[in-house]
Amino acid sequence: MSTSTRTGTYTRQDGPPQVILGAHFPGVNNTTVWSDPASGSHIDFESFRTFAQIAESGRFDFLFLAEGLRLREQKGKIHDLDVVGRPDTLPVLAGLAAVTRRLGLAGTINVTFNEPYEVARQFATLDHLSAGRAAWNVVTSSDAFTGENFRRGGYLPHDQRYVRAEEFVRAAAAIWDSWQGREPEQFVYRSSQFDITGRPTVPSPPQGRPVIFQAGDSHQGRDFAARNADAIFTRHSTPQAGRQFYSDVKARATREGRDPENLKVLPGVSFVIGDTDAEAEELAAHVRSQQVSGQTALLILERLFNRDLSAYDPDGPLPDIEPDTEGPSLFAGRAREHDDVHAEIAALRRLARERGLSLRETVIATQARQSLIGSPSTVADALIEAVSTNVCDGFILVPHITPSGLAPFVEKVVPILQERGALRTDYPERSTLRDLLGIAPPSRQESAENDAPVFASAGL
């Protein structure tokens, strides 16, 4: 990738590739230190406005919002990290469109419990309100617990998640494409999941179609992204794992007849910045201790053991019991995350024994959330190196404090990236999010070549 592949005003025309930057408003989770005095509300619009405007001042490409359709529960009680609630994504992004000018606005909307016509209409509206800055993070769910909030319930089998997702996105594209010129055309979309006939009420989005994000690491998820996504939000942030993932999904996109440059790989990373590397390491250790309280440590281990551990002392040793692998999960609202719990527990016990760690200290040591730790120069070097060596195309940054946690990165790292020619110094006028990311707009000609003339594009 060269500096000419993305838009913006740069301080130099040669040098390192451009680093794509997204800013993830994380809500309350194991990354967020919600108990810190500097942490603000996760509901008030002022928090979202402050966060977005900090990102825009740093010339970021986009802001990213996750979405939760049900509060998680553990042992029948609302999980302590969900007690602040989860506001709806699209109204927040619509509000942010009015208080930002160039920043992309990416929102997570579930395709399992929504309908294509409504979602297509909502994102077309957001794209118009923001003058071409909308992005849709497509997610799926086979979780009956979440489904209980909807009339459809948990009806969708796990192996049908991506079938519905693919047909959903294609149906939305058919709707976006059906308003050409001055009048809406009739759209018809029939598949195993949908039978839709109608006319759109909103003209085609300024971008042609909003940028499509996807987050999923299974083979089905990777194939879906290769056919449909413009960008992938991934957890592969280490160099080796990142290069393997990058190579794999780019190759899949090529096999689908796409230009792999139109599929951006963007790992989510947290960060801690100090004036020196040593200071950053010290601060990171403090942050980790804040991220994992005694109660949180017990809750995390309960998901592994699938047993009530409330009687155990977080500052004592790890439980000497075996996990319950047969009983129902104590944790509702998230799929099981562990393939071999016996091996994982054995590894935890080995670590605790070798380093003399308590239960909480062991969880802290294995739940570290900081991917980038160091001085501003060290962090800038790591970002540029990753993009230069095909680890990724950029990063989605997840601060541990909301809404001000992005400020240290913007104040200290962004100027270095700009000085080195790896980040724009200003936004171009009249640019869409596709322009900023260097992603080609959808093309009906490519649709015809892919033998799907109604809805396929460079991304579909």
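The values are calculated or read from the model by the stated rules, or taken from the named source; none is laboratory data. Quantities reported herein were computed from a predicted structural model and do not represent experimental measurements. Note that we place each Cβ from the backbone using ideal geometry, even for glycine, and neighbour counts take in every protein chain shown. We work out accessible area using only protein heavy atoms, side chains counted, and drop any ligands, DNA or RNA first. Shrake-Rupley method; radii C 1.70, N 1.55, O 1.52, S 1.80 Å.
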Among residues of the stretch 349-362 being free of Cβ contacts under 8 Å to residues at least 12 places away in the same chain and assigned to a loop (DSSP other than H, G, I, E, B), the residue nearest to Leu298 (Cα to Cα) is Leu357
**Check on Arg170, among the basic types (Lys, Arg), open to solvent by 10 Å² or more (accessible area, probe 1.4 Å) and either in contact with a Leu (Cβ under 9 Å, 6 or more places away or on another chain) or in a strand (DSSP E or B) (or both)** = yes
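Right, Arg258: farther than 21 Å from Val19 by Cβ and either in contact (Cβ under 8 Å) with a residue 40 or more places away in the chain or of a type outside the set (S, T, N, Q) (or both) or not?
In short, yes.
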Restricting the stretch 4-13 to residues that are over 17 Å from Pro415 (Cα atoms) and open to solvent by 20 Å² or more (accessible area, probe 1.4 Å), the one modelled with the lowest pLDDT turns out to be Ser4
Filtering the stretch 374-398 down to residues that are of a type outside the set (A, V, I, L, M) and either crowded, with 24+ Cβ neighbours inside 10 Å or under 27 Å from Gly27 (Cβ atoms) (or both) yields Gly374, Pro376, Cys392, Asp393, Gly394, Phe395
Exception for Ser371 within (1) open to solvent by less than 50 Å² (accessible area, probe 1.4 Å); (2) part of a strand (DSSP E or B) falls at (1)
By residue number, the members of the stretch 363-384 that are free of Cβ contacts under 8 Å to residues at least 60 places away in the same chain and not aliphatic (A, V, I, L, M) are Thr366, Ser377, Asp381
Those residues of the stretch 399-430 which are closer than 16 Å to Gly104 by Cα and open to solvent by 10 Å² or more (accessible area, probe 1.4 Å) amount to Asp426, Tyr427, Pro428, Glu429, Arg430
Would you say Ala131 is part of a loop (DSSP other than H, G, I, E, B), touching a residue at least 40 places away in the same chain (Cβ under 8 Å) and among the small types (Gly, Ala, Ser)?
-> yes
Taking the stretch 239-282 and keeping residues open to solvent by 40 Å² or more (accessible area, probe 1.4 Å), out of contact with any Pro (no Cβ under 9 Å at 6 or more places or on another chain) and not in a helix (DSSP H, G or I) leaves Glu256, Gly257, Asp259, Thr276
Considering the stretch 91-135, residues that are of a type in the set (A, V, I, L, M, F, W, C) and at pLDDT below 95, and then whichever is nearest to Gly27 (Cα to Cα), we arrive at Ile109
